[in-house]
């Protein structure tokens, strides 16, 4: 059985024209592409090699360096890692001029990057150059990643480590500034409380000296006991004196009379002391209670002040290092094969477009533009 075969369809005229043009220009296109590839190889080999110093860390909660967490004053559970606000504060510190200036001065980057520091735009160019090699980002797991690129792998690692330490120091200074203000206010409060306590002690000593009352509880008990004993002795002496007046020698009567007068004078003295005690016992007890309360408050304030000073002067950190810096062994840039491939592809595309444009332009009489 015979079958009828349909002849192949010819390509569209516009596609056929393009393919004809490319075929006629195949040699220039190939030569241009090879030249671009060769040039990209040479350029990529001349590019400086960069190494990346890398470190990562997480933010710790400011509660970790508070007196509550250090000394357990409130008894509440302390949050260990920082929140979003703490991470944002670390990122702001990392991107601040204080960190950049520290790196520039520490590693003499003006000389490293060959920038003249005496010209007007020198600092601006220096900052732009450093920022092009310096990056701090927050990854999806809330870990802060810091990278610094440099031609020297040892310097790249050292700069990354120094930047992380400086960020920690500046962030700690911000947190401690709040504690410092609290400590300064508490220090003034302690000084004022000390002066008030000294004034209270002076007034209490003056009242005690004037009244002769130094311990109200003890003196009240002693005077009460003495008053009772004197009353008993007066009564006993009076009874004996009455008995001796009826039948007793004259000498015994005289002696009992003298004793009675002495006990009566003692009674007057005790009554005088009791009057002074009753007049001053309220003021003295109130001042004693006030002094005890003031002394307790002063003691608590001093303890809290020492806690603040301990927190301010202690060795603290606001970050926890996840990955320590190591000297990079493999370069991070340039990726030469990618440069060569991309440049070759771009050169080929441009050569093709150029061939199509030139061939298409030959069909027109461009001279008519000027005629």
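What follows draws every value from the coordinates through simple rules; no lab data is involved. Quantities reported herein were computed from a predicted structural model and do not represent experimental measurements. For neighbour counting, all protein chains shown are included, and Cβ atoms are generated from backbone atoms with ideal geometry for every residue, glycine included.
Some notes on this structure:
- Exposure proxy shown here: for 344, 318, the number of other Cβ atoms within 10 Å sets the order, fewest to most, as 344, 318.
- Among 165-175, 128-138, 40-50, the order from most to least packed when residues are scored by Cβ within 10 Å on average: 165-175, 128-138, 40-50
- Projected label points at residue 20 and residue 269, each 7 Å from Cα along the beta carbon direction, are separated by 14.6 nanometres.
- Gain in span if fully extended, residue 235 to residue 188, counting 0.36 nm per residue against the direct Cα distance: 10.7 nm
- FRET efficiency for residue 296 and residue 131, using Cβ-Cβ distance with R0 set to 45 Å, rounded to 0.05: 0.20
- Listed by Cβ neighbour count within 10 Å, with the fewest neighbours leading, 339, 104 appear as 339, 104.
- Taken along the Cα-to-beta-carbon direction at a fixed 7 Å, the label points for residue 321 and residue 44 span 3.6 nm.
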